[in-house]
There are 2 protein chains.
Amino acid sequence: MATGRTHRPATRSRGIPEATVARLPLYLRALTALSERSVPTVSSEELAAAAGVNSAKLRKDFSYLGSYGTRGVGYDVEYLVYQISRELGLTQDWPVVIVGIGNLGAALAGYGGFASRGFRVAALIDADPAMTGKPVAGIPVQHSDDLEKIIEEDGVSIGVIATPAGVAQQVCDRLVAAGVTSILNFAPTVLSVPDGVDVRKVDLSIELQILAFHEQRKAGEESGADTGADTGSEAGSAAAAVPPAPRGATGGSRKGPDGDVPAVMPA
Amino acid sequence: MATGRTHRPATRSRGIPEATVARLPLYLRALTALSERSVPTVSSEELAAAAGVNSAKLRKDFSYLGSYGTRGVGYDVEYLVYQISRELGLTQDWPVVIVGIGNLGAALAGYGGFASRGFRVAALIDADPAMTGKPVAGIPVQHSDDLEKIIEEDGVSIGVIATPAGVAQQVCDRLVAAGVTSILNFAPTVLSVPDGVDVRKVDLSIELQILAFHEQRKAGEESGADTGADTGSEAGSAAAAVPPAPRGATGGSRKGPDGDVPAVMPA
DNA sequence: ACATGTGAAGTCTTTCACAGCC
DNA sequence: GGCTGTGAAAGACTTCACATGT
């Protein structure tokens with residue numbers, strides 16, 4: 001709707017694949033550590049190990065940036081730090097606002113990794129008048145009435161949302177209207193934003209659910225390949241929780257993709 | 001090295017692609033919202049919109065779980081909630097320990113989304129004796145000396161690391177040795193774990209750097225396609241930060257992948 | 001001799017488009 | 001008519017393996 005371009009190639013940047021971009025910070029961190037230990041050069045092998053990836057991937061990633069290594073030798077640590085920093089845009093500093101100063105917002109405000117790489121907490125914003133003026137991590141909280149003014153005056157383009165889910169979308173809308181074009185969302189909601197605005201989300205609950213999935217599989221593997229063993233033992237409530245399946249279940253119609261999911265459901 | 005199997009198919013589970021698994025929690029959240037509003041059925045189109053994905057992807061994802069929809073109608077909300085919950089292993093409850101009760105750890109302990117889906121904070125653990133016994137989010141902090149005992153007694157298999165980076169690896173090692181097989185890591189370090197242990201990481205700084213990358217690109221696009229315009233304007237400091245390039249830079253040898261990166265570096 | 005840089009092959013993921021069923 | 005379920009095509013990402021340069 002509205003937007004002209006029919007599904008442009010997603011967030012694909014001047015030839016650098018998104019997956020590569022997502023790893024650059026990892027490399028940068030490993031390189032920074034080497035730099036602090038005054039290590040002059042690294043091989044792709046060593047650096048890859050430090051970053052937790054394999055060396056072929058690392059070399060391919062770097063190849064998108066240019067030819068910054070020396071054959072037979074490796075990469076100059078300082079030089080690479082600079083190139084990656086520049087590529088990521090960390091040679092300039094980015095003012096960031098955090099909206100929603102609850103437990104999480106406060107923790108984020110105090111997070112050291114923020115300042116370490118070109119990010120500066122320009123303002124903390126909360127809707128609770130009782131919070132206004134209270135310093136959190138050394139920065140006084142401002143009231144959300146002033147959100148637009150703050151964004152514009154400081155030229156903020158990155159916003160962090162740490163509010164309850166219920167208000168995340170409206171906060172998002174206001175941020176975007178005020179000029180923010182990148183959002184890091186900690187609220188467990190899907191945000192919708194206009195074209196040209198980037199959203200990344202961090203969701204604890206989702207991460208745990210993914211872990212639980214794999215955890216369950218491990219448990220299942222130990223004994224037989226049997227899934228869904230107990231789960232609904234208290235027949236009463238479990239049965240109540242499970243609807244009678246979409247309209248007149250015909251005997252064996254319900255099957256798993258491999259055809260052997262032990263149909264755990266009220267027949 | 002050491003591990004027998006030569007690169008097994010990564011974390012690939014009984015036919016369900018990892019990318020799909022990562023989206024199931026999203027669908028589940030959207031479905032739960034519908035369920036609370038007593039909506040009986042949804043089409044793939046509607047549900048996809050609510051989850052922020054496109055409908056073809058959603059249908060493909062669901063097809064890995066089985067045939068849970070009804071053609072011409074859609075999906076039964078309650079039934080799908082149940083099926084996805086079961087697939088994710090959320091019909092059982094998972095005791096979780098959080099190690100490192102600083103600002104972040106405390107925020108995580110108080111996070112509502114935890115309890116909402118089968119996850120139960122079994123214990124909060126911190127190395128600081130001053131913290132021991134202090135209740136955080138209603139749960140008394142225990143000392144890390146007792147880590148092994150706690151894990152074993154409660155049968156904990158999921159651990160959350162919210163410690164400083166410096167001690168994350170040793171905490172991780174102890175968790176794993178005590179029987180934890182899934183770790184959610186908030187410390188900005190690469191954790192190495194034995195085969196069979198899953199690690200997921202959440203790193204604020206990395207997310208911001210990725211946003212900064214795209215943000216920079218947007219800024220560059222506005223004016224000409226010229227990247228790296230200012231950035232190193234204050235020539236003095238910028239130049240000092242850049243090493244003389246790996247050994248005798250021969251004039252035009254340094255090039256970007258497309259051959260047109262305006263080499264922003266001291267010649 | 002050694003380690004980068006990269007075509008080519010392989011694998012995973014997304015999207016298309018339509019057969020099949022309600 | 002409408003919507004699911006899915007082969008097949010397209011695309012993105014990873015891995016291989018070796019030519020290339022020092």
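The values are calculated or read from the model by the stated rules, or taken from the named source; none is laboratory data. Only a predicted model underlies this, so the values are computations on that prediction, with no experimental measurement involved. Methodologically, a virtual Cβ is constructed for each residue, glycine included, from the backbone with ideal geometry; neighbour enumeration extends over all protein chains shown. Accessible surface is based on the protein model in full, side chains and every heavy atom, while ligands, DNA and RNA are left aside. Shrake-Rupley method; radii C 1.70, N 1.55, O 1.52, S 1.80 Å.
Annotations
- For A:E18, the solvent-accessible surface computed with a 1.4 Å probe is close to 60 Å², ligands and nucleic acids excluded.
- Summary for B:A115: label point 7 Å along Cα→Cβ; distances to the equivalent points in the other copies, ascending, 3.6 nm.
- Surface accessible to a 1.4 Å probe, A:M131 within the full protein complex, Å²: 30
- For segment A:59-192, size of Cβ-based charge dipole, Lys and Arg +1, Asp and Glu -1, in debye: 560
- Simple rule: put +1 on each Lys or Arg Cβ and -1 on each Asp or Glu Cβ in segment B:18-88, find the dipole, and look at B:P40, B:G66, B:A30; the Cα lying farthest toward the positive end is B:G66.
- D (Stokes-Einstein, µm²/s), Kirkwood Cα radius, segment B:116-168, 0.890 mPa s at 25 °C: 204
- Counting DSSP beta bridges with both ends in segment A:94-205, the antiparallel % (nearest 5): 10
- Ligands, DNA and RNA aside, B:Y75 has an accessible area near 30 Å² when probed at 1.4 Å.
- Nearest beta-carbon to the B/A symmetry axis - residue in chain B, distance in Å: B:A107, 2
- Taking other residues whose beta carbon is less than 12 angstrom from the beta carbon of A:V176, and scoring Lys, Arg as +1 and Asp, Glu as -1, yields -3.
- Once backbone amide H atoms are built at 1.01 Å from N, A:V141 has A:G133, A:K134, A:V136 as its partners under 5 Å, excluding neighbours fewer than 5 places away on the same chain.
- Between chain A and chain B, roughly 8400 Å² of accessible surface gets buried, counting both sides and using a 1.4 Å probe.
- A simple rule links phi to the HN-Hα coupling: the Karplus curve 6.51 cos²θ - 1.76 cosθ + 1.60 with θ = phi - 60°, which for segment B:26-33 gives 5, 4, 4, 4, 4, 5, 4, 4 Hz, with x for Gly and Pro.
- Coarse-grained scattering of segment B:18-88 at q = 0.15, 0.25 Å⁻¹, given as base-10 log I(q)/I(0) from a Debye sum over alpha-carbon atoms: -0.39, -1.24
- Summed residue charge, Cβ within 14 Å of A:N54's Cβ, Lys/Arg positive, Asp/Glu negative: +1
- Selection from A:I151, A:N185, A:G112 lying farthest towards where the dipole of segment A:94-205 points positive, charges on Cβ: A:G112
- Among the listed pairs A:K201/B:K218; A:K218/B:K201; A:K134/B:K218; A:K201/B:K201; A:K149/B:K218; A:K201/B:K57, those beyond 24 Å (Cα-Cα): A:K134/B:K218
- With a simple spin-label model that places each label point 7 Å from the Cα along the Cα-to-Cβ direction, the separation between A:D128 and B:A22 comes to 3.4 nm.
- Segment B:146-162 - phi-based ³J(HN,Hα) in whole Hz, Karplus 6.51/-1.76/1.60, Gly and Pro as x: 8, 3, 4, 4, 4, 4, 5, 5, 8, x, 6, 10, 10, x, 10, 9, 10
- Electrostatic tally near A:R37: other residues with Cβ closer than 13 Å to its Cβ, Lys and Arg +1, Asp and Glu -1, net -3.
- A simple rule links phi to the HN-Hα coupling: the Karplus curve 6.51 cos²θ - 1.76 cosθ + 1.60 with θ = phi - 60°, which for segment B:90-102 gives 9, 7, 9, 9, 10, x, 10, 10, 10, 10, x, 9, x Hz, with x for Gly and Pro.
- Dipole size of segment B:18-88 about its Cα centre, with +1 on Lys/Arg Cβ and -1 on Asp/Glu Cβ: approximately 140 debye, rounded to the nearest 20.
- Across the protein chains, with a 1.4 Å probe defining accessible surface, the residues A:D61, A:D126, A:D145 rank A:D145, A:D126, A:D61 from largest area downward.
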